[in-house]
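Trainee: This structure is in structure tokens; I'll ask about it shortly.
The values are calculated or read from the model by the stated rules, or taken from the named source; none is laboratory data. Bear in mind the structure is a predicted one, so any value in this text is a computation, not a measurement. With ligands, DNA and RNA removed, areas are computed over all heavy atoms of the protein, side chains included. Shrake-Rupley method; radii C 1.70, N 1.55, O 1.52, S 1.80 Å.
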Amino acid sequence: MTAPMAKAEISLRKPDDERAANLLFRLAVGVFFIGGFLTSSVSLLVPQLKLMLALDYAGALMVQLAFHASYLLFALPITAFIVASGYMRAIAVGLAVMGAGCISLAVAQGSLSFALVLGALLLLSAGQTFLQIAANTVVTVIGSARGAAVRLTLLQGFNSLGTVVGPLVSAPLLLAQVERGHAWRPAATLPFVATALVTLMLAAAYARHRALLGEADRGAAFVPLRRMFGVLRNSRRLRWGTAAIFVYVGAEVTIGALLPSVLMRPDRLGASAVAAGQLVALYWAGAMVGRFAGAWGMTRVVEARMLLWAALGAVALTLGAVTLPGVIGAAALVAVGLCNSIMYPTIYALALPGDERQAPVASMWLCMAVVGGAVVPVATGVVADMTALLPSLVVPAACYALIAVFAAICLRPGEARA
């Protein structure tokens, strides 16, 4: 899960119940891993459906529109549900919805109906939205406050591991048959059927242990819309940070979805569909490795300056993928994953207002900005259909340039948090 979860004020912790904390942490490992696995596996549907249904780039990238639209469509009602029902029940419901979405996606693939595939992806992403908003909050209350950052870092590592494993496991199943000229084979559904089983088992585990958090299972009261817009209006950093999250998620998702098509080009690697799909694991692995390297680097370099370097590096690498031939151009696009690694948590931290009381509302805006993963890929697909695949990468390059502007604003002397 690349997006942060909205925070809420927690008044009760259970640091003395070590067994319960360990149990909840183990459950959270499963949630974060399966979220990463799904994110990278869904990206492989873009080349699969493009080959299978003879779609143009804009049409194939509707996969990402459906998979990320729920962050805008359902964030507010889901937040209200979490406040009313509690975090543990909300996570159980979200996992159950994800399981239903995975089963629906497997059925939709067999029917060769693009509309049903998009509907299944929207259902799947609705379940993901439950987890994006609730899961990190649970992680903060399962142990001492001092260890929360460590727990979150470890869990993000498992999320990144899932994004690496996803292409390695799913590419042979999703892409091998269409590459050989077969329209569809039942094996193509296996990644999503297996994921459905895992998510449903996790949902049952969360439902069974729904009382573990006790009174900490309730968040702050739901925030009125007027206050939500007021916080955004009064915080320049939050406005820019929300825009930066929007374009960051959009650029990361776009490159992850188009990377197999780039690697299959004869003027890049000329890889087979399966090999190109599996090589996408290197892109996500770069984000995993870069996260730890970036955490070390930020002990020596100001966060905003590190973000500026990463954003400018991503611009250079993306444009290099457009202009440089062969292996060099392909490697440049894969290397963008390294630059992506520090962007999300750094933008998130820099965008939050200085007043901690505004953090829950600000977090909701930053979570909703993940809808950039729905908009930017489709915009890039439209450009690709109007021009060509490689020139369309200018769109994510422009997204990274906007992130560099946000970082430069944060570096200005006297630029304070609102």
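Trainee: Compute the accessible area per residue over segment 235-279, keeping the other protein chains in place, probe 1.4 Å, unit Å².
Mentor: Details: 1200 Å² over 45 residues.
For segment 235-279, the per-residue accessible area is 27 Å².
Trainee: Just the accessible area per residue of segment 303-384, please: how many Å² with a 1.4 Å probe? Write out the running numbers ahead of the final one.
Mentor: Details: 2630 Å² over 82 residues.
Heavy-atom SASA per residue in segment 303-384 reads 32 Å².
Trainee: Next question. Keeping all protein chains in position, work out how much accessible area LEU279 exposes to a 1.4 Å probe, and write it in Å² to the nearest 10.
Mentor: Counting only protein heavy atoms, the figure is 60 Å².
Trainee: To continue, here is another question. Would you tell me the accessible area of TRP240, worked out with a 1.4 angstrom probe on the heavy atoms of the protein chains, in Å² to the nearest 10?
Mentor: Ignoring ligands and nucleic acids, TRP240 comes out at about 80 Å².
Trainee: State the volume of the convex hull built on the alpha-carbon positions of segment 61-127, expressed per residue in Å³ and rounded to an integer. Kindly include the intermediate steps, with their values, before the conclusion.
Mentor: Numbers: hull volume 4.2 nm³, N = 67.
Convex hull of Cα atoms, per residue: 63 Å³.
Trainee: Taking only the alpha-carbon positions of segment 29-89 and ignoring solvent, what does the Debye formula give for the base-10 log of I(q)/I(0) at q = 0.30 Å⁻¹?
Mentor: Log-scaled intensity ratios, in q order: -1.11.
Trainee: Report the Cα-based extents of segment 237-335 along its three principal axes, largest first, to the nearest Å.
Mentor: 42, 28, 23
Trainee: Assuming a viscosity of 1.002 mPa s and a temperature of 20 °C, what translational diffusion coefficient in µm² per second does Stokes-Einstein assign to segment 280-418, Rh being the Kirkwood radius over Cα pairs? Walk me through the numbers on the way to the answer.
Mentor: Numbers: Rh = 16.2 Å.
The Stokes-Einstein estimate is 133 µm²/s.
Trainee: Round to a whole number: what % of the accessible area of segment 60-134 belongs to carbon and sulfur, probe 1.4 Å? Can you show the working numbers first?
Mentor: Numbers: 1720 of 2110 Å².
Result for segment 60-134: 81 percent of the exposed heavy-atom area is carbon or sulfur.
Trainee: Sticking with this structure for a sec: Based on alpha-carbon positions alone, could you give the equivalent ellipsoid semi-axes of segment 13-132 from the gyration tensor, as √(5λ), descending, whole Å? Provide the component values of the computation, followed by the final result.
Mentor: Details: eigenvalues 201, 46, 25 Å².
Its equivalent ellipsoid spans semi-axes of 32, 15, 11 Å.
Trainee: Heavy atoms only, probe 1.4 angstrom, no DNA, RNA or ligands counted: give me SER392, SER111 ranked by accessible area, highest first. Walk me through the numbers on the way to the answer.
Mentor: On the way: SER392 0, SER111 60 Å².
Largest to smallest exposure gives the sequence SER111, SER392.
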